[in-house]
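Notes to accompany the following structure.
The values are calculated or read from the model by the stated rules, or taken from the named source; none is laboratory data. None of these values were measured; they are calculated from a predicted model. Cβ atoms come from the backbone with ideal geometry, glycine included; neighbour counts cover every protein chain shown. All accessible areas refer to the heavy atoms of the entire protein, side chains included, with ligands and DNA or RNA removed. Shrake-Rupley method; radii C 1.70, N 1.55, O 1.52, S 1.80 Å.
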Amino acid sequence: MLDLGRLRALHAVSVHGTVGAAAAALGYSPSAVSQQLAKLERETRTTLLERQGRGVRLTDEARQLVATAEELLAIVEKAEVLLEERRGQPSGRLDIACFASAARGLMPPVLADLAARHPSLDARLSEIDPHLSVDLVARGVVDLAVAHDWDIAPMPLPSGVEHADIGVDLCDVLVPASHPLAGAAAVRREELRDERWISQPPGTVCHDWLMRTLRATGREPLIAHQAEEIHTQVALVAAGLGIALVPRLGRGVLPADARAVRLEPVPSRRLRALWRAGAARRPAITETVRTLKRMWARVAAPPGAPAAEGSVRGPDPAGPSPHRSRTPAPL
């Protein structure tokens, strides 16, 4: 009889690539995961992992087991959803993937509120880029993802993944306080073609959006510095080393040496909650999505951010918003 916990460990290694990363995702120590895999090899009398440089590679037999594990984990998830639905209360473990600025600017009050109102719910957060989190939801590695896509680059969703819109986050151009545009009410993209930019690294959603937008002005953008963290980008701007396009969510109060200027047309990104269709009726999912929407209205824009015409801080629970997705959410 194959042990589900050991199959789960093997599945995690296949997703995350190393025993250490799998252990972190599962909340175990690497030695505990290694022991589970060693026991699974003895039970199946099969070699499952082979050394490959500093990492490991799954054998063909292991990949067959991983495919079986995915099917079994989906069945277990269905049973857990039915039980939780019968109880009518959010409970059990809920693994959430979230991109950096929302993990900083939105998720702390969401997680605190859920913990206070639903003590039987064990919600756990992992900071993951949106490019990766969608696939993790589809593969059953995480239960819920908070991701985003940009106005000119919609996010394609794989089959079997459902979503609800949380809100729309607006972006501003940050410039040094000594910059000629620091006192401008607004600026157009064509005025920024010759600037030195501070951007996230290539391969991230924000970097791809920036490159696509600036190339549309007819000039290849000059990326002077790359930094993943928004606060690092802000610090580089404040030091006079370039300008940056930075979302409002999670940005915080700007230092005295940096200014936010409205860019026209105003760039925006849509925040979305994603989950597997099979878990759509799970109370933990539905309640977390409700809480995300409710908290969004409180944190969507920091005090003092330049306003854009028609902009909103987030979805209004009391009525429709012009930024809300036309796709009706199943919640």
#### Entry: the chain, dipole about Cα centre (Lys/Arg Cβ +1, Asp/Glu Cβ -1), debye to the nearest 20
380 debye
#### Entry: Added length on full extension, which subtracts the Cα-Cα distance from 0.36 nm per residue, LEU181 to ALA116
18.8 nm
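Sorting ASP135, ASP169 by accessible area (1.4 Å probe), largest first, what list results? Don't skip to the answer; put the middle values down first.
Details: ASP135 75, ASP169 0 Å².
Correct descending sequence by accessible area is ASP135, ASP169.
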### Query
Given [x] -0.29, -0.48, -0.72; [y] -0.25, -0.42, -0.64; [z] -0.34, -0.56, -0.79, which label gives log10 I(q)/I(0) by the Debye sum over Cα atoms at q = 0.07, 0.09, 0.11 Å⁻¹ as computed from the coordinates?
[z]
## Note on the structure
Carbon plus sulfur, as percent of the 1.4 Å-probe accessible area of the chain, comes to 51 percent
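Once you sort the root eigenvalues of the Cα gyration tensor of segment 91-201 as a ≥ b ≥ c, which label holds: rounded (a/c under 1.5), prolate (a/b larger than b/c) or oblate (the other case)?
prolate
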### Task
Using the Cα centre as the reference, give the magnitude of the dipole from point charges on the C-beta atoms of segment 1-156 (Lys, Arg: +1; Asp, Glu: -1; all else neutral), rounded to the nearest 20 debye.
540 debye
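Express the accessible area of the chain per residue in Å², computed with a 1.4 Å probe while the remaining protein chains stay in the model.
Per-residue value: 49 Å².
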### Query
Roughly what angle does helix 4-16 make with the longest principal axis of the chain, taking Cα atoms, 0 to 90 degrees, to the nearest 10?
40 degrees
### Query
What stretch of the chain, leaving out the sites themselves, is the longest with no GluC sites (Glu not before Pro) in a DSSP loop having at most 14 other Cβ atoms within 10 Å?
1-227
### Task
Report the relative contact order of the chain, percent, no decimals, based on alpha-carbon pairs under 8 angstrom and at least 6 residues apart.
21 percent
### Task
Calculate the spin-label point distance for GLN35 paired with ARG290, positioning each point 7 Å from the Cα along the beta-carbon direction, and give it in nanometres.
4.1 nm
### Query
What angle do you read, to the nearest 10 degrees and between 0 and 90, between the alpha-carbon axis of helix 283-299 and the longest principal axis of the chain?
20 degrees
### Query
What FRET efficiency do you get for ALA227 and GLU43 if R0 is 51 Å and r is their Cβ-Cβ distance, rounded to the nearest 0.05?
0.65
### Query
Highest GNM mean-square fluctuation, the chain, Cα pairs closer than 10 Å: which of LEU292, LEU111, LEU26?
LEU26
### Query
Using a Förster distance of 25 Å, how high is the FRET efficiency between LEU83 and ALA277, based on the Cβ-Cβ distance and rounded to 0.05?
0.85
### Task
Apply 1/(1 + (r/R0)^6) to the Cβ-Cβ distance of VAL161 and ALA67, taking R0 = 22 Å, and write down the FRET efficiency to the nearest 0.05.
0.70
### Query
What do you get for Rg/Rh over segment 1-139 if you use C-alpha atoms and the Kirkwood form of Rh?
1.01
#### Entry: Formal net charge of residues neighbouring THR44 (Cβ-Cβ distance under 10 Å; K, R +1; D, E -1)
+1
#### Entry: Share, in percent, of DSSP beta bridges within the chain that are antiparallel, nearest 5
60 percent
### Query
Toward the positive end of the charge dipole of the chain, about the Cα centre and with charges on Cβ (Lys, Arg +1; Asp, Glu -1), which of ALA258, SER159, LEU106 goes farthest?
LEU106
#### Entry: Degrees between helix 30-44 axis and first principal axis of the chain (Cα, 0 to 90, nearest 10)
40 degrees
### Virtual spin-label span in nm between ASP194 and ILE75, 7 Å along Cα→Cβ
6.8 nm
### Task
Just subtract the alpha-carbon distance of ALA239 and ASP60 from 0.36 nm times their residue separation and send over the number in nm, one decimal.
59.2 nm
### Message
Need the full-extension length gain, MET1 to ASP257, defined as separation in residues times 0.36 nm minus the C-alpha distance. One decimal, nm.
### Response
85.7 nm
### Query
What does the charge count near ASP129 come to, summing +1 for each Lys or Arg and -1 for each Asp or Glu among other residues with Cβ under 12 Å from its Cβ?
-4
### Message
Compute, for segment 1-72, the length of the dipole vector about the Cα centre, with Cβ point charges of +1 (Lys, Arg) and -1 (Asp, Glu) only. Units Debye, rounded to 20.
### Response
260 debye
### Query
Considering the dipole of the chain built from charges on the beta carbon (Lys and Arg +1, Asp and Glu -1) around the Cα centre, which of GLY278, LEU83, ALA67 is farthest to its positive end?
LEU83
#### Entry: the chain: calculated mean residue ellipticity at 222 nm from DSSP helix runs of at least 4, using -39500 (n - 2.57)
-12000 deg cm²/dmol
### Query
From the backbone phi of segment 224-238, what are the Karplus-calculated ³J(HN,Hα) couplings (6.51 cos²θ - 1.76 cosθ + 1.60, θ = phi - 60°) in whole Hz, Gly and Pro given as x?
7, 9, 10, 8, 6, 7, 4, 5, 5, 4, 4, 5, 5, 5, 4
